[in-house]
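The values are calculated or read from the model by the stated rules, or taken from the named source; none is laboratory data. If you're wondering where the values come from, they're calculated on a predicted model, not measured in any experiment. No Cβ is skipped: glycine too gets one built from the backbone with ideal geometry, and neighbour counts run over all protein chains shown. All accessible areas refer to the heavy atoms of the entire protein, side chains included, with ligands and DNA or RNA removed. Shrake-Rupley method; radii C 1.70, N 1.55, O 1.52, S 1.80 Å.
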Amino acid sequence: MSINYYEENNIGFIEFNQDDSKVNILTVQALQELTLIVARLHKAAALKAVVFISKKSDVFIAGADIKEIEGINDPSNGEAKSKAGQEIFNAIEDLKPPTIAVIDGVALGGGCELALACQYRLATFNPKARIGLPEVTLGILPGFGGTYRLPRLIGLPEGLKMILGGKPVDTPKALRLGLVDRLVTSNGLERHLNEFIDDVCNKKIPVDKYSRRTIKGLAVFQEKSFIGQRIVFQRATQDVLKTTKGFYPAPLKALHVIRQNFYMNDRAKGLALESQAFGQLATTAISKNLIRVFYLAEKYRKLGVPDTEGLVSKAMTKCGIVGAGVMGGGIAQLFSYMDIWVRLKDIHYDALALGLKSAAKLYRDAVKRRRLKAHEAIVKMGKIASTIDYTGFRNTDIVIEAVVEDMDIKRKVFRELNSCVNEQTILATNTSALSVSELAKITKDPSKVIGLHFFNPVHKMPLVEVITTPQTSKETLASVLALVKRLGKTPILVKDSCGFLVNRILLGYLNEAGRIWEEGADIATIDKIMTDFGMPMGPLTLCDEIGLDIGIKVLRILADGLGERFKPVAIFEKAYTEGFLGKKSGKGFYLLDRRSLVKTKQSNLLNTTECLQRMVYPMINEAARCLEERIVDDPGAVDVGMIFGTGFPAFRGGLLRYADSLGISHIVAGLRQLQDKWRAARFAPANYLIKLHNEQRGFYS
Ligand code: NAD
């Protein structure tokens, strides 16, 4: 049972309350129940209003059933499913009494489309409420009327933005857009609803939902004139191509559909275009991959510690950060943003000033982008206090060490922390590659030591590697996982080992890119091979972004711990000694390349396929070693790590999903070929890969 129907004071209530679930989903069963209820309402005596409401807290309807979408293997089947949903929502739109969706929580995908089919939408200030059509993030488009109704309701420019970007909005923004008609407090919702129904019945709110917004200025041109609309469509196409680089077909298809159905006054025809496109997209390999990534992300976002039932994780209200550099400053901003008090410590006032400046800049940007009000930013920024000694560290719940990547300096800091924090304080290190166990040994209580590896830039990168040592207690781990979740990040659990997971896979790839450059290939060509593959930036641009000093340091640590294959290539060492560190030194590889400090170029001789294999196969090989050494427990952690930590293309499903799609035998053969051709042991297939190949299995099968 998913839906209750009842009447009170001549008002019909359709109440969503899915059994055994925290959320409401538009499953096949829910849609069938809804069909029957709406059919009955069409025949029933006149009601004052029909209200669609949820019994769950913080959720209206979270969307359609993704499993259903995943199961679509034939376009006509996808089209039929979309049509079935459209018919139900059309029947809702055609009901005689006024229909009202009450949104006091998440209304996404099909949930949002149901609300769009209603004549009115009443939402609350609930901070957890989000309204939107995120379908394109799953490689599909809204298939229950969203492409037809949303641009009509909130105007073409904003409608396109929401559908093509897939980003939900909060309810104040929804009100500004005209997506909802009124905002009320969740407290006293019943009273607010009754008042709203009275206003609806007394025609205080215009009856036609598509003519409620008042628009002026540029919006009139953009929405009402044909030329304005053409410009809006052109811009939207450019934006989509810029952000997706043409790798993701769903936004382009959605754009194509809206371009046609926006001008149709015939609902049936407009919706037919939508359902047809839905069927085509739902069967693509890209959609299947994106759905898998969605499941993985959900799994890791909710990651907990096994066998810790009843264990109360430590509340984190005060944090100490040692090192106010790139990472320390970013971490301080993130924690203060989440209303955790921060003590930021460095050895120089100048360094502290830089850390505070970078945090302040992020707050200024948040205000500019309307994520925060100016006064909120001031309050949050005020939560960061700076110090050059350990004042205030005694009261901290957790300390994060983010000083330079040097074991001696980190040891010194941990020694100092021993006498500056309280017995309950968790000590975390943000090291990129050094041993967490080594640092734990120095402390009074190694059970409270953990690695917390944020990625740069901290406010943007969703991944955190949580690194445990054999001594890390379950309490520490549970508290840290709860903290990571509170910070809005996705954790993966990684065993303490040299370079952990993501850097270990990434750095070998960067080094190989350097080697190809060293052999004479043009730097832009190497980068393009990888951006054409779908990486957000080329490997050598990435080196310039990270800073070659950090890259070299981590490569040396990896070479010490894991062997020759990580030895920094000579051209990296040369660039490093000459101060070409990338962005931070104002000169990087591209400048070095232009100055022709490397050998003569032979880009025309470059074998693109081989270059791609040289960069990608070793990543797969290294990931296989990590699985063999149980650095992480399953391939999902590798894929989450690479997608959220390095921007590995999600449409390929992740590094190991991609490997499976190529076939393990193909990769093993490719690595052996490279090994023979270059007489290089670094290409030798890992034992785990050979095992998969012998057993004719993939990473996931
Ligand atoms: P950074 O050089 O920008 O900053 C380091 C800061 O530590 C400097 O401000 C320095 O003055 C300060 N410091 C040095 N010794 C100190 C001490 N004894 N006490 C207090 N402060 C001290 O370095 P970063 O890039 O922020 O890196 C910090 C850590 O984070 C490193 O372990 C690094 O490997 C790791 N990390 C870096 C990145 C990145 O991309 N930069 C990404 C992930 C992890």
* Go through Ile331, Ile340 for me and flag whichever is within 15 Å of the ligand (Cβ to nearest atom) and under 21 Å from Gly451 (Cα atoms). => Ile331
* Selection from segment 390-407 of residues that are open to solvent by 60 Å² or more (accessible area, probe 1.4 Å) and near the ligand (Cβ under 10 Å from one of its atoms) -> Val404
* Asked: Inside segment 450-474, can you point out the residues that are within 24 Å of Thr317 (Cβ to Cβ), free of Cβ contacts under 8 Å to residues at least 60 places away in the same chain and within 15 Å of the ligand (Cβ to nearest atom)?
  -> Ile450, Gly451, Leu452, His453, Val464, Val466, Ile467
* Name the one entry in Val312, Val326 that is open to solvent by 40 Å² or more (accessible area, probe 1.4 Å), out of contact with any His (no Cβ under 7 Å at 6 or more places or on another chain) and within 16 Å of the ligand (Cβ to nearest atom). => Val326
* **Lys361 vs. criteria closer than 29 Å to Pro168 by Cα, out of contact with any Leu (no Cβ under 6 Å at 6 or more places or on another chain) and within 16 Å of the ligand (Cβ to nearest atom)** => yes
* To do: Mind listing whichever residues of segment 557-571 are closer than 21 Å to Met407 by Cβ and buried (at least 16 other Cβ atoms within 10 Å of the Cβ)?
  => Ile557, Leu558, Ala559, Leu562, Phe566, Lys567, Pro568
* Out of all the residues in segment 184-215, which are hydroxyl-bearing (Ser, Thr, Tyr) and either in contact with an Asp or Glu (Cβ under 6 Å, 6 or more places away or on another chain) or within 13 Å of Lys48 (Cα to Cα) (or both)? -> Ser186
* Asked: Of Asn9, Asn24, Asn4, which residue is farther than 30 Å from Leu281 by Cβ, among the polar types (S, T, N, Q) and either in contact with a strand residue (DSSP E or B) (Cβ under 6 Å, 6 or more places away or on another chain) or surrounded by 22 or more Cβ atoms within 10 Å (Cβ to Cβ) (or both)?
  -> Asn4
* Can Glu416 be described as more than 20 Å from the chain's Cα centre (by Cα), open to solvent by 30 Å² or more (accessible area, probe 1.4 Å), over 24 Å from Pro568 (Cα atoms) and within 16 Å of the ligand (Cβ to nearest atom)? -> yes
* Structure fact -> For Phe125, the lone unmet condition from (1) in contact with a helix residue (DSSP H, G or I) (Cβ under 6 Å, 6 or more places away or on another chain); (2) among the hydrophobic types (A, V, I, L, M, F, W, C); (3) surrounded by fewer than 23 Cβ atoms within 10 Å (Cβ to Cβ) is (1)
* Quick one: count up the residues across segment 37-84 that are assigned to a helix (DSSP H, G or I) and within 22 Å of Leu271 (Cα to Cα). => 17
* Structure fact -> Picked from segment 419-439 (must be loosely packed, with under 14 Cβ neighbours inside 10 Å and touching a residue at least 24 places away in the same chain (Cβ under 8 Å)), the residue nearest to the ligand (Cβ to nearest atom) is Asn422
* Asked: Hey, among the residues in segment 515-554 that are within 16 Å of the ligand (Cβ to nearest atom) and of a type in the set (D, E, K, R), which one's surrounded by the most Cβ atoms within 10 Å (Cβ to Cβ)?
  -> Asp544
* Asked: If Leu507 satisfies every condition in (1) within 14 Å of the ligand (Cβ to nearest atom); (2) of a type in the set (A, V, I, L, M, F, W, C); (3) not assigned by TED's automatic domain parsing to the domain that holds Ala624 but one, which is the exception?
  -> (3)
